[in-house]
Amino acid sequence: MGIPTAPMVTIAFKDLAKTNAANRGMPEERICFTPHPVWGKSDAEMYAYLEGNDPVTGKPLMKEVVDALTQPLTPDESKTGTITPPTGDPVFSDSFDNLQQYFMDNGMTDFMPIVLPTQEKVDAMLKGTSHAPDETVGKLTPAQGAFPAWTFNVRQVAINAVMAGARPEYFPTILALASSGQSAMFSSTNSLVYAAVINGPIRDKLNMNYGIGTMGPFAQPNATIGRAWTILSKNLCNGGLPGQTYEGSQGNVINYSNLIIPEDEKNNPWTPFHVQKGFKAEENVVSLFFGFGIQQAQGGFGLGIKPIPHYHEAFACNCIPFATIFGALGVFDPLVAAGLVQLGFKTKDQLADWLQKNTTATVAQLKSCLFSRPPAGPAAANLTDDSVVPKWPNASAFNFIVAGGETNPYHQVANMSYRMSISIDKWA
């Protein structure tokens, strides 16, 4: 567009920056590098970075930035182009063990054994949907805006669903996830994860587990639907390549199969989540959440379970360390949900309103957290660092799902925000 730019990237992302520029047709893009990390550094340390040398070229960093903005482009730097994603050979023939190793060696798996996607198995998977094999499902990228998006079709999703061990009747749910445009292998230095909440009659049709161990490895549909999302996120957008399209410093075990949470609508005293979002009760819907992850929490205050548990207070307490760039998702055992109703929270909205007002922090605490937002605007004019304010400005930051086996009144809390809800029926 004729506007000079000089991208500045820390040295830890050198390979990622250069690969991404090349994949966008600009292999000679001028990129300036700083030392790493920049997070948690003082102003003096940051100025030292700027006044020092580029750790890649050894040249003074600010002179390099100025030159990048002002010097004419060389012929090589002026070249542009496009990238066509590789698709590989249409057919591979070898022994079972060699083919397993081929898929692993080429980064097409989660490094667990897969079901080999033979033509027969892919054709069987395609019978799980009325959509044509060559119909476009959508586009995926490891991180929106940071990488070129790849377009893919129904057949390509079917191949990945077979690899994950899914059955044809699971395929519409997997297609719905694929159509979301959300890669389960999101590229960030934070090891971020997704959750998928499933509502509607399909939960029972597929024999999904929303009882004891609902988020554990205890049901084929829960496990393989989530695993398929991970595998297709690697193969249909070049995601999950450490140092290139994945930068999570420590990674997250949830990435293996994501958080798949069918809601227990039968034992849910409130409105099912998909109905909250405008769908009919008889519709089949998957809703996506995104954030840092999930953790066990106590049913009541402290370590014990009181005769009349203060579940709402326990939930607020468990959210204290959460970062406010994401919301708070509660997964309540039906016993907890029933207890909250007994305490007067007849709807999810009533609970969310109470939590928004009573999950608080000081302004100083919010300022000190990189991933939290202190109050801003006219309402914050008279606040001091000691002022106690709600951590989240809106009750919409709080969402609740009911699932669990009623073996004890426990809940789990996730520092995750709601993203979208997608019709599964559309892909049947």
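Between Asp134, Asp89, which is over 21 Å from the mean Cα position of the chain (by Cα) and not assigned by TED's automatic domain parsing to the domain that holds Leu236?
Working: Asp134 fails: not assigned by TED's automatic domain parsing to the domain that holds Leu236.
After ruling out the rest, the residue left standing is Asp89.
Hey, among the residues in segment 390-428 that are in a loop (DSSP other than H, G, I, E, B) and in contact with a Pro (Cβ under 8 Å, 6 or more places away or on another chain), which one's farthest from Ile212 (Cα to Cα)? Steps first, please.
Our first condition is that a residue be in a loop (DSSP other than H, G, I, E, B); within segment 390-428, this holds for 391-394, 403-410, 424, 428.
Filter once more, so that each one left must be in contact with a Pro (Cβ under 8 Å, 6 or more places away or on another chain): 393, 403-404, 406, 409, 424, 428.
On the way: Pro393: 35, Ala403: 8, Gly404: 5, Glu406: 7, Pro409: 12, Ile424: 25, Ala428: 28 Å.
Here the answer is Pro393.
Say we look at segment 356-395 and pick out the residues that are among the charged types (D, E, K, R) and within 23 Å of Phe345 (Cα to Cα); which of these is farthest from the chain's Cα centre (by Cα)? Working first, answer last.
If we filter segment 356-395 for residues that are among the charged types (D, E, K, R), which is where we start, we get 357, 367, 373, 385-386, 391.
Next, from what is left, pick out any that are within 23 Å of Phe345 (Cα to Cα): 357, 391.
Values: Lys357: 27, Lys391: 22 Å.
That would be Lys357.
So, in segment 332-365, how many residues would count as being surrounded by fewer than 20 Cβ atoms within 10 Å (Cβ to Cβ) and either among the aliphatic types (A, V, I, L, M) or not assigned by TED's automatic domain parsing to the domain that holds Thr384 (or both)?
5
Is at least one residue of segment 319-331 over 24 Å from the mean Cα position of the chain (by Cα) and assigned by TED's automatic domain parsing to the domain that holds Ser180? Even if it seems obvious, please write down each step before you answer.
Step one: of segment 319-331, the residues over 24 Å from the mean Cα position of the chain (by Cα) are none.
No; the residues of segment 319-331 include none that is over 24 Å from the mean Cα position of the chain (by Cα) and assigned by TED's automatic domain parsing to the domain that holds Ser180.
Out of the residues in segment 210-249 meeting the condition of being among the aliphatic types (A, V, I, L, M) and not in a loop (DSSP other than H, G, I, E, B), tell me which one is nearest to Asp105 (Cα to Cα).
Ile231
Can you run down the residue pairs with Cβ atoms below 8 Å, 6 or more apart or on separate chains, where the first is in segment 357-377 and without any contact (Cβ under 8 Å) to a residue 24 or more places away in the chain and the partner is part of a helix (DSSP H, G or I)?
As it stands, the answer is Pro374/Val363; Pro374/Leu366; Pro374/Lys367; Pro374/Ala380; Pro375/Val363; Pro375/Leu366, since those pairs meet every condition given.
Which count do you get for residues in segment 158-189 that are in a loop (DSSP other than H, G, I, E, B) and crowded, with 19+ Cβ neighbours inside 10 Å? Steps first, answer last, please.
The initial filter retains those residues of segment 158-189 that are in a loop (DSSP other than H, G, I, E, B), namely 164-167, 180-189.
Filter once more, so that each one left must be crowded, with 19+ Cβ neighbours inside 10 Å: 164, 166, 180, 182-187.
Count: 9.
The values are calculated or read from the model by the stated rules, or taken from the named source; none is laboratory data. Since this is a predicted model, take the numbers as computed values, not measurements. Positions of Cβ are backbone-derived with ideal geometry, glycine not excepted, and every protein chain shown enters the neighbour counts.
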